[in-house]
1. Taking 22 Å as R0, compute the FRET efficiency from the Cβ-Cβ separation of SER183 and SER157 and round it to 0.05.
2. At 0.36 nm per residue, minus the direct Cα-Cα distance, what do LEU208 and ILE10 gain on full extension? Give it in nm, one decimal, please.
3. Considering the chain, what Rg and Dmax in Å follow from its alpha-carbon atoms?
4. Which aspartates and glutamates have a Cα lying under 15 Å from the Cα of LYS54, excluding residues fewer than 8 positions away in the same chain?
5. Need the list of aspartates and glutamates near LYS214 for cross-linking: C-alpha distance under 14 angstrom, and skip anything on the same chain fewer than eight residues off.
6. Give me the extension gain from LEU80 to ARG136: residue separation times 0.36 nm, minus the current Cα-Cα distance, reported in nm with one decimal.
7. Order of ASP82, ASP161 from fewest to most other C-beta atoms within 10 Å?
8. Under a GNM of the chain (C-alpha, springs under 10 Å), which listed residue has the highest mean-square fluctuation: ILE25, ILE85, ILE41?
Amino acid sequence: MSERLLHILIESFPRILGQGILVTIPLTLISFSLALIIAMICAMIQIANIRGLKQIVRFYIWIVRGTPLLVQLYLIYFGLPDLGIVLPALPCAVLVFALNEGAYCSETMRAAIESVPKGQMEAGYCVGMNYLQIMRRIVLPQAFRTAFPPLSNSLISMVKDTSLAANITVVEMFMTAQRVAGSTYEHLALYIETALIYLLFCTVFTRLQALGEKKLNRLNGGNTIHA
C-alpha cells in the first residue's frame, strides 16, 4: 500500500464513519421505528378483518413488495414534484424506507400474531378484557417474542439499504465515500473501507439481536393467560 493511499484512508475513515453515525444510523432507527408502527397497524387491521381497510392494506403491501426500493425513492423524490409536492431529501428517505419496511414487517407481525393460540384470546374475553386489552396485554407480547428475530434481520438489512438514499442526494455514509473517491480516484480502497464500516455496524446490531433473543428466551413462558 502506498503512503498516499494510506494517508487517504486514514483521513477519510473518520469522515465516512462520522456520517454513518450522524446520518446512516439515525436514518435507519427513525425509519424502522415508523415502519414498526405501520406494521402493527396493518397487521391488526388484517387480523381484525376490517372490511375496506383490509383491502387497502393488502393493496399497499402488494404494491410496495412488488416494486424496487430504488424506484420508490425516485418516485417520491423526483416524481411528486410534478404534482407540486416537494419533500427534502432526508424526510423523503425516511418516508420511503418506513413505508417499504412497514409492508414487509406487517406480514411478519401478522404471522406472529396468528401463531398465538386462539385460546389466549378466549381466555382474555373470559376474564372481562376487550379486544384491544387482549392484544396489548396478552397477544402482542407473545407475538413480539416470535417476531423479534425476523424483525431484527429486517433492521440489519435496512442499515445496508440506506446506502440507496445517496441516489436522492442524502449525504449519508455511502455518498460521503463516493465524494472522497471522486476527488482522490482511489475507488477500490475507499469502497472497501466503506464496506467494512457497514460490516461493523451490522455486526453490532447482530450482537444486540443475539442479546435480545437470549433475554426473550429467559422470559419465555411468562405472562400468558391459559384457557
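Each value in this text was obtained by applying a stated rule to the coordinates, not by laboratory testing. All values derive from a computational prediction rather than experimental measurement. Cβ placement follows ideal geometry from the backbone for every residue including glycine, while neighbour counts extend to all protein chains displayed.
1. Numbers: r = 30 Å, r/R0 = 1.38.
Efficiency, rounded to the nearest 0.05: 0.15.
2. Details: separation 198, 0.36 × 198 = 71.28 nm, distance 2.82 nm.
68.5 nm is the gain from fully extending LEU208 to ILE10.
3. In Å, with Rg to one decimal and Dmax whole: 21.3, 74.
4. Candidates past the 8-residue exclusion: GLU107.
5. none
6. Values: separation 56, 0.36 × 56 = 20.16 nm, distance 3.72 nm.
Length gained, LEU80 through ARG136: 16.4 nm.
7. Numbers: ASP82 7, ASP161 18.
Placing the least packed residue first, the sequence is ASP82, ASP161.
8. Highest fluctuation among the options: ILE85.
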